[in-house]
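The next block holds one structure in the form of structure tokens; read it before the comments.
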Amino acid sequence: MSLAIVGLGTALPRHPFAQGDAAEVIRSFFCETDEQRRLLPILFRRAGVRQRHSVLAERPPGNGPIQSFYPPASGPTDRGPTTAQRMDVYRKESSPLALQAARQALDQAGILPRDLTQIITVSCTGFTAPGLDIALIKSLDLKPTIPRLHVGFMGCHGVFNALQAASAVAAAEPHSRVLICAVELSSLHLHYGWDPESIVPHALFADGAAALVGVNYRVARPEQEAKGVGTTEATPFDDSGRATRATQPWQAAAFGSCLFPDSEHAMTWNIGDHGFVMTLSADVPDLIARNLRPWLEGWLRRNDLQIKDIPSWAIHPGGPRILTAVADGLDLPHETLADSQAVLADCGNMSSPTILFILERLRRRNAPRPCVALSFGPGLIAEAAIFQ
């Protein structure tokens with residue numbers, strides 16, 4: 001049994017920050033010396049990001065101040081908004097963004113909200129109860145008896161864990177219809193004061209949401225074939241984003257996970273008094289380059305595949321060096337990074353929803369399969385999925 005993707009939706013906050021504008025905002029509270037102020041824009045330009053979206057953006061660039069949540073530092077001891085203030089914004093802004101993505105996914109799937117049998121929510125950038133699951137039940141008018149599961153504080157690979165849970169549900173209940181919804185507001189966790197380990201996260205992370213509707217593949221395929229799916233038209237979606245007759249549904253056929261040895265220091269995510277605190281060591285690309293291939297080759301072999309058999313890759317863009325480390329470590333042509341690089345450039349690193357943005361690009365252009373998706377999170381751990 002495997003999970004078929006029958007609908008996928010994405011959502012971004014209304015106003016983007018150009019990367020240069022983001023550097024200007026962050027410089028006002030992050031930098032403490034003239035040398036740091038000179039260096040920060042240079043580091044931001046190297047991040048591979050053209051623009052990012054944030055729920056904190058109050059108006060388009062050029063129409064006055066972009067945001068007011070982070071005022072300039074009042075002095076060397078200023079650490080910015082408290083965690084409680086940041087969570088208040090999360091509580092107000094996360095649900096509308098998640099709902100927008102969920103409605104897109106349901107519309108693409110052609111499934112009514114009341115026909116859903118399970119919802120799985122994913123987030124690592126905020127905590128509130130009642131949470132996203134309750135907000136979706138009320139906003140979508142779901143059955144009050146619908147089972148719920150939340151994947152919390154797992155980091156960038158949280159959607160992989162949600163997909164595994166959804167696959168188990170689909171296997172156990174062949175007529176289930178599962179909604180996965182991931183939302184992250186990473187821009188709520190910017191820090192005041194110069195910290196070299198925070199520079200990369202400040203240059204990369206952004207806000208976004210994505211949702212996926214999955215069903216049992218053996219149930220989905222006859223329904224798709226009855227509608228004419230399975231032909232070889234070039235474009236699997238029409239202008240409105242609805243699925244056409246172009247291709248069989250993508251199925252999540254296998255999952256894998258590997259905790260790299262001696263890597264706990266490389267990526268951390270903790271709750272502080274002034275937001276959540278991330279550290280991202282410069283060791284991460286080297287750890288990936290050293291450990292990914294030996295594990296991935298064995299895992300693919302157990303699924304009757306080799307690296308050379310994989311024509312498409314959805315690699316979570318944790319940053320340009322991480323993408324390069326994966327490509328070099330696996331001897332992949334660098335054009336296989338194009339979809340990941342495009343999402344990074346246009347949206348930044350949105351943490352858990354990001355991989356679904358990449359998969360949506362691959363599905364829209366009917367990318368060849370099998371496709372392997374990869375993401376990395378605190379541990380340091382790699383999560384992978386094979387889509388057939």
Item checked: Positions within segment 319-332 being open to solvent by less than 10 Å² (accessible area, probe 1.4 Å), free of Cβ contacts under 8 Å to residues at least 40 places away in the same chain and not in a helix (DSSP H, G or I), in sequence order -> LEU330
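Residues checked against (1) touching a Pro at 6+ places or on another chain (Cβ under 7 Å); (2) over 17 Å from SER351 (Cβ atoms); (3) buried (at least 22 other Cβ atoms within 10 Å of the Cβ):
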{"residue": "ARG79", "(1), (2), (3)": "no, yes, no"}
{"residue": "LYS92", "(1), (2), (3)": "no, yes, no"}
{"residue": "ALA105", "(1), (2), (3)": "no, yes, yes"}
{"residue": "ASP115", "(1), (2), (3)": "no, yes, no"}
{"residue": "ILE120", "(1), (2), (3)": "no, no, yes"}
{"residue": "LEU136", "(1), (2), (3)": "no, yes, yes"}
{"residue": "SER167", "(1), (2), (3)": "no, yes, yes"}
{"residue": "ALA171", "(1), (2), (3)": "no, yes, no"}
Check: Which condition breaks for ILE146 when tested against (1) of a type in the set (A, V, I, L, M); (2) buried (at least 24 other Cβ atoms within 10 Å of the Cβ); (3) more than 23 Å from the chain's Cα centre (by Cα)?
Finding: (2)
Check: GLU197 is checked against (1) modelled with pLDDT of 95 or more; (2) open to solvent by 10 Å² or more (accessible area, probe 1.4 Å); (3) not polar (S, T, N, Q) and fails just one. What number does that condition carry?
Finding: (1)
Next item on the list: Look through PHE357, PHE255, PHE276 and report the one residue that is under 22 Å from the mean Cα position of the chain (by Cα) and assigned to a helix (DSSP H, G or I).
Entry: PHE357
Checklist line | Total residues in segment 260-273, condition touching a helix residue (DSSP H, G or I) at 6+ places or on another chain (Cβ under 7 Å) and either open to solvent by 30 Å² or more (accessible area, probe 1.4 Å) or part of a loop (DSSP other than H, G, I, E, B) (or both) | finding: 6
Notebook entry, point to check: If a residue has to be outside any helix (DSSP H, G or I) and open to solvent by less than 20 Å² (accessible area, probe 1.4 Å) to count, how many in segment 122-134 make the cut?
Noted result: 6
Note to self: Looking at the structure I just gave you, is ILE381 in contact (Cβ under 8 Å) with a residue 24 or more places away in the chain, under 17 Å from PHE255 (Cα atoms) and surrounded by fewer than 20 Cβ atoms within 10 Å (Cβ to Cβ)?
What the structure shows: yes
Next item on the list: Would you mind finding the one in VAL215, VAL183 that is more than 22 Å from ARG46 (Cα to Cα), open to solvent by 10 Å² or more (accessible area, probe 1.4 Å) and touching a residue at least 40 places away in the same chain (Cβ under 8 Å)?
Entry: VAL215
Note to self: Of everything in segment 283-318, what is among the aromatic types (Phe, Trp, Tyr) and in a helix (DSSP H, G or I)? Give them in sequence order.
What the structure shows: TRP295, TRP299
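Confirm whether PRO311 is open to solvent by 50 Å² or more (accessible area, probe 1.4 Å), within 19 Å of LEU362 (Cβ to Cβ) and in contact (Cβ under 8 Å) with a residue 40 or more places away in the chain.
So PRO311 fits the description; yes.
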Margin query: Anything in segment 248-295 that is of a type in the set (Val, Ile, Thr) and closer than 25 Å to SER187 by Cβ? List them, or say none.
Written below: THR268, ILE271, VAL277, THR279, VAL284
Next item on the list: Looking only at segment 60-77, count how many residues are among the β-branched types (Val, Ile, Thr) and open to solvent by 40 Å² or more (accessible area, probe 1.4 Å).
Entry: 1
Notebook entry, point to check: With (1) small (Gly, Ala, Ser); (2) surrounded by fewer than 18 Cβ atoms within 10 Å (Cβ to Cβ); (3) farther than 28 Å from TYR70 by Cβ as the list, and ALA282 as the residue in question, which single condition is left unmet?
Noted result: (3)
Margin query: It is to be established whether one or more residues within segment 339-346 are open to solvent by less than 10 Å² (accessible area, probe 1.4 Å) and in a loop (DSSP other than H, G, I, E, B).
Written below: no
Notebook entry, point to check: Taking ALA57, is it more than 18 Å from ALA342 (Cα to Cα), modelled with pLDDT of 90 or more, open to solvent by less than 40 Å² (accessible area, probe 1.4 Å) and not in a loop (DSSP other than H, G, I, E, B)?
Noted result: no
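The values are calculated or read from the model by the stated rules, or taken from the named source; none is laboratory data. Quick caveat: nothing in here was measured; it's all calculated off a predicted structure. Positions of Cβ are generated from backbone atoms using ideal geometry, with glycine treated the same way; all protein chains shown enter the neighbour counts. These area figures cover heavy atoms from the full protein model, side chains too; ligands, DNA and RNA do not enter into them. Shrake-Rupley method; radii C 1.70, N 1.55, O 1.52, S 1.80 Å.
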